[in-house]
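The values are calculated or read from the model by the stated rules, or taken from the named source; none is laboratory data. Computed from a predicted structure; not experimentally measured. Because the Cβ atoms are built from the backbone with ideal geometry, glycine has one as well, and the counts that use them run over all protein chains shown. Heads up: the accessible areas ignore ligands, DNA and RNA and are worked out on the full protein's heavy atoms, side chains in. Shrake-Rupley method; radii C 1.70, N 1.55, O 1.52, S 1.80 Å.
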Amino acid sequence: MSITVEPVKPHIGGIVRVSHDHLLDDETIETVRRELETRGVLVFPQIAVSDQLQLAFTDRLGERVNFTRQVPGSDADTADVYKITLDRKLNSEPDYVLGTFFWHIDGITIDQPLPKATVLSARKLSDSGGATEFANLYAAWDLLPEEDKREYENLRVIHCVEAAVRPVHGHPSEERRARYKAMAAVMEQPLVWTHEDGRKSLLLGTHADGIVGMPGAHGRALLARLQQWAAQPDFVYTHKWQPGDLVIWNNQGLMHRVVPYTDEGRVMHRTTIAGTEKPGVPANAANVESIYQVA
Ligand SMILES: [Fe+2]
């Protein structure tokens, strides 16, 4: 046995012990795939991978995807490794990174299968915060009261970048709105996603802007309540980074956010594994319009 996984909390988190030399072994890859379904987020403490090893690990788990290639600042020539940092020398659009202070699911406003998993490694840490929090959206669905499940089961939600960065920019300029349009889609997603394996999870995050056919305030209030429910301590793992830590999480069944930091020295390297399931569709204009109704 060259790998062990120690649970962190009943509903989320696992600490993986495996040596550098065994990171790409079949046993490791099978264990990681399985544990991503049950534990949601896995930590490899201070494993200190190179970009090359991180990409090899990513490729062993599935098809590599760079869903932020069209985002300014993503630096497409770094071979699918996206540098998450406020340092303008490394990322020309740090404003986009500020959106990560709020709960989100990676790639949910892109018209393609939802990325299966995200791999993040700590290259330089911040003195001013920068822990990452993960919330299990499978548990959030499973433990809802049955009566709520019946009420919410078939609701549809509009997700957009504009909502995701509203806490950063307030009401964006026309020029900025045009840039959002070029980098992402306005997507309609089910509130409750039934995955191909039959499991169900909620799809939530700051990018959720309203519920189709429900007056705006009602939809947003319900989404806020559900987000608060999903972020309750029992469903959340907070990772306080150490240099060289690598974390992988099931992006299809978790939302995540970073504890705010201001230090420009923090640098994380992200790679992404493509998904095969696509729960949402580009939203039609009438459904988008419906979430801006006052009553
Ligand atoms: Fe993210």
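In table form, for the structure just shown:
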{"read-out": "Boolean, Gly219 is more than 17 Å from the chain's Cα centre (by Cα), under 21 Å from Asn154 (Cβ atoms), more than 16 Å from the ligand (Cβ to nearest atom) and in a strand (DSSP E or B)", "value": "no"}
{"read-out": "Whichever residue in the stretch 100-132 is closer than 13 Å to Arg266 by Cα and hydroxyl-bearing (Ser, Thr, Tyr) and, among such residues, is nearest to the ligand (Cβ to nearest atom)", "value": "Thr132"}
{"read-out": "Residues within the stretch 181-198 that are open to solvent by 30 Å² or more (accessible area, probe 1.4 Å) and in contact with a strand residue (DSSP E or B) (Cβ under 9 Å, 6 or more places away or on another chain), tallied", "value": "2"}
{"read-out": "Evaluation of Arg166 against (1) more than 27 Å from Gly265 (Cβ to Cβ); (2) within 13 Å of the ligand (Cβ to nearest atom) (one fails), failing number", "value": "(2)"}
{"read-out": "Qualifying residues in the stretch 247-295 (those that are surrounded by 19 or more Cβ atoms within 10 Å (Cβ to Cβ) and of a type in the set (Val, Ile, Thr)) - the one farthest from Val41 (Cα to Cα)", "value": "Ile291"}
{"read-out": "Test: residue in the stretch 96-106 that is among the aromatic types (Phe, Trp, Tyr), out of contact with any Phe, Trp or Tyr (no Cβ under 9 Å at 6 or more places or on another chain) and modelled with pLDDT of 80 or more", "value": "yes"}
{"read-out": "Test: residue in the stretch 133-144 that is away from the ligand (no atom under 13 Å from the Cβ), modelled with pLDDT of 80 or more, more than 19 Å from the chain's Cα centre (by Cα) and assigned to a helix (DSSP H, G or I)", "value": "yes"}
{"read-out": "Selected residue (only one of Thr271, Thr194 is farther than 30 Å from Leu53 by Cα and of a type in the set (Val, Ile, Thr))", "value": "Thr194"}
{"read-out": "Pair list, Cβ < 9 Å and 6+ apart or interchain, from the stretch 105-125 residues that are at positive phi to residues that are assigned to a strand (DSSP E or B) and within 13 Å of the ligand (Cβ to nearest atom)", "value": "Gly107/Thr118; Gly107/Thr272"}
{"read-out": "Total residues in the stretch 32-53, condition in a helix (DSSP H, G or I), at pLDDT 95 or above, of a type outside the set (A, V, I, L, M, F, W, C) and more than 22 Å from Gln112 (Cβ to Cβ)", "value": "3"}
{"read-out": "Residue tally, condition of a type in the set (Gly, Ala, Ser) and under 17 Å from Tyr237 (Cβ atoms), over the stretch 14-36", "value": "1"}
{"read-out": "Residue in the stretch 226-246 that is more than 14 Å from the ligand (Cβ to nearest atom), free of Cβ contacts under 8 Å to residues at least 60 places away in the same chain, assigned to a helix (DSSP H, G or I) and open to solvent by 10 Å² or more (accessible area, probe 1.4 Å) present", "value": "yes"}
{"read-out": "Residue tally, condition out of contact with any strand residue (DSSP E or B) (no Cβ under 6 Å at 6 or more places or on another chain) and crowded, with 18+ Cβ neighbours inside 10 Å, over the stretch 149-163", "value": "2"}
